[in-house]
Amino acid sequence: MKAVECIVKGKGDIGPYHQDCLASGICGSHINKTDFIQALSARIRALQWNPYSRRPLISDIRNDCLIVQDGIELCCLSKALGKSWIKVAMPEKVLAKWLARGTGDLDNVVARSLRKSFYNPIDHPAYRKAKIARRDSIRLDRIRQFLGPIGPGLCGLDIGCNMGYTSHHLQRQSFRMTGIDYDANHLAVAKALDATYGLDVRFQNCYFRQFQADQPFDIVVALTVLYHMFFRQEEQNIPECGRMDKIGALAKLDAMTRHALIWESGPDPQLEIDFIRSNSGLSDYYSLGPTQGTGKKRQLGVFLRPDTSFSDYLKKRHASNFAGRWDGGS
Ligand SMILES: C[S@@+](CC[C@H](N)C(=O)[O-])C[C@H]1O[C@@H](n2cnc3c(N)ncnc32)[C@H](O)[C@@H]1O
């Protein structure tokens with residue numbers, strides 16, 4: 001996706017995609033990076049001239065993931081051009097599987113709570129026209145591109161998961177996910193979507209300060225929530241868990257994060273970056289670029305522990321891209 005976006009926008013680095021293709025055998029080692037980029041660019045430009053001549057072909061649905069047999073480049077191109085839905089071709093038995101993903105639980109939750117809109121998109125045709133606060137999935141694309149093909153065997157925690165959008169997507173990438181949010185209405189939607197998607201994210205209705213876990217998580221995701229936790233809720237006296245100042249909350253976050261904290265800021269990114277880097281072991285910071293919240297400017301990035309095999313892997317993966325985006329020491 002990122003590679004297609006680079007071609008469409010004429011900027012960015014296709015290197016990590018070339019590496020993934022080499023590693024997975026999609027392209028042979030005799031194809032160097034320059035030839036690879038040239039061939040890919042030619043195919044994408046040809047599609048741009050005549051994008052919808054042939055619909056992508058879906059051959060199966062596995063664990064709620066559509067398996068694209070042919071036309072993945074057209075899928076990515078459509079997305080890079082800002083489309084959130086496209087027409088595809090699929091055999092009848094696959095269509096039957098797709099339509100069998102029921103929305104009964106979700107319909108009940110929506111009716112009970114008189115909900116008129118959602119924070120994130122719902123990946124089901126019945127909710128294609130629903131009112132959505134954050135429609136784009138740029139954050140997921142960047143996170144996925146940054147992490148690469150890791151996922152199986154790793155676990156993740158999504159703090160302030162709302163309706164579970166990021167948790168569901170990371171579970172599709174094979175992370176074992178836990179999502180927490182203090183808002184029971186949002187969590188009801190998240191749990192109903194587990195049923196629709198056939199996923200099993202463990203959702204828990206609690207404040208971060210109340211949350212207990214036996215083991216740290218390989219990755220922790222905290223998108224537009226730490227600002228609330230550290231700088232807005234600090235003085236709140238939450239009955240079940242008493243008061244915890246922002247240093248205590250960050251210490252707990254630090255202890256729960258084994259490798260990486262994937263983060264999106266509130267209105268003052270630098271305040272949060274400085275606070276996290278100077279008061280926790282997550283002192284390396286890599287920017288994934290600016291984002292738009294609900295109409296507001298935000299910053300997306302990743303905090304890592306220095307000198308671990310995990311951060312070394314990520315640094316190597318993005319070696320050509322790191323200049324100017326990596327802040328690895330105070
Ligand atoms: C702005 S929304 C972001 C939702 C989601 N992280 C995303 O970016 O798509 C913030 C969410 O964090 C939740 N939240 C805020 N403070 C929290 C806390 N201390 N513990 C758990 N959830 C919290 C809110 O209920 C809300 O669903």
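The values are calculated or read from the model by the stated rules, or taken from the named source; none is laboratory data. Model, not experiment: these values are computed from the prediction. Backbone-built Cβ (ideal geometry, glycine too); neighbour counts: all protein chains shown. Note: areas computed on protein heavy atoms with side chains; ligands, DNA, RNA excluded. Shrake-Rupley method; radii C 1.70, N 1.55, O 1.52, S 1.80 Å.
Before moving on, here are some points about what is shown:
- Inter-residue pairs, beta-carbon under 9 Å, first within 22 Å of T308 (Cβ to Cβ) and in the stretch 210-227, second of a type in the set (S, T, N, Q) and assigned to a loop (DSSP other than H, G, I, E, B), 6+ apart: L226/S265
- For the stretch 104-119, the count of residues that are within 11 Å of the ligand (Cβ to nearest atom) and surrounded by 18 or more Cβ atoms within 10 Å (Cβ to Cβ) is at least one.
- The lone exception for V68 - which of (1) in a strand (DSSP E or B); (2) farther than 29 Å from P125 by Cα it fails: (2)
- Qualifying positions in the stretch 73-97 - open to solvent by 90 Å² or more (accessible area, probe 1.4 Å) and in contact with a Lys or Arg (Cβ under 7 Å, 6 or more places away or on another chain): K87
- Every residue from the stretch 73-93 that is outside any helix (DSSP H, G or I) and either of a type in the set (G, A, S) or without any contact (Cβ under 8 Å) to a residue 60 or more places away in the chain (or both): G82, K83, S84, W85, I86, K87, V88, A89, M90, P91
- Consider the stretch 28-46 and keep the residues that are under 27 Å from the mean Cα position of the chain (by Cα) and among the aliphatic types (A, V, I, L, M). The one that is most open to solvent (accessible area, probe 1.4 Å) is I37.
- Screening T224 against (1) within 14 Å of the ligand (Cβ to nearest atom); (2) farther than 23 Å from G301 by Cα leaves a single unmet condition, (2).
- Applying the condition of being at positive phi and within 11 Å of the ligand (Cβ to nearest atom) to the stretch 120-164 and asking which residue is surrounded by the fewest Cβ atoms within 10 Å (Cβ to Cβ) yields G160.
- Evaluating A255 against the criteria (1) modelled with pLDDT of 95 or more; (2) surrounded by 20 or more Cβ atoms within 10 Å (Cβ to Cβ); (3) of a type in the set (A, V, I, L, M) leaves one unmet condition, (2).
- Only one of D214, D181, D274 that is under 24 Å from G102 (Cβ atoms), modelled with pLDDT of 90 or more and in the same structural domain as G293 (by TED's automatic domain parsing): D181
- Restricting the stretch 53-72 to residues that are without any contact (Cβ under 8 Å) to a residue 24 or more places away in the chain and open to solvent by 90 Å² or more (accessible area, probe 1.4 Å) leaves a set whose member that is nearest to D194 (Cα to Cα) is R62.
- Just so you know, in the stretch 250-284 the residues that are of a type outside the set (A, V, I, L, M) and assigned to a loop (DSSP other than H, G, I, E, B) include one that is nearest to the ligand (Cβ to nearest atom), and it is G266.
- Residue within the stretch 160-172 that is within 10 Å of the chain's Cα centre (by Cα) and not in a helix (DSSP H, G or I) present: no
- Residues located in the stretch 196-210, provided they are among the aliphatic types (A, V, I, L, M) and either assigned to a helix (DSSP H, G or I) or within 16 Å of the ligand (Cβ to nearest atom) (or both): V201
- When the stretch 2-27 is filtered for residues that are at positive phi and open to solvent by less than 60 Å² (accessible area, probe 1.4 Å), only G25 remains.
- Filtered residue count, the stretch 173-195, keeping only those that are under 19 Å from the mean Cα position of the chain (by Cα), open to solvent by less than 40 Å² (accessible area, probe 1.4 Å) and more than 14 Å from the ligand (Cβ to nearest atom): 2
- Whichever residue in the stretch 285-307 is assigned to a loop (DSSP other than H, G, I, E, B) and at pLDDT 85 or above and, among such residues, is farthest from G266 (Cα to Cα): P306
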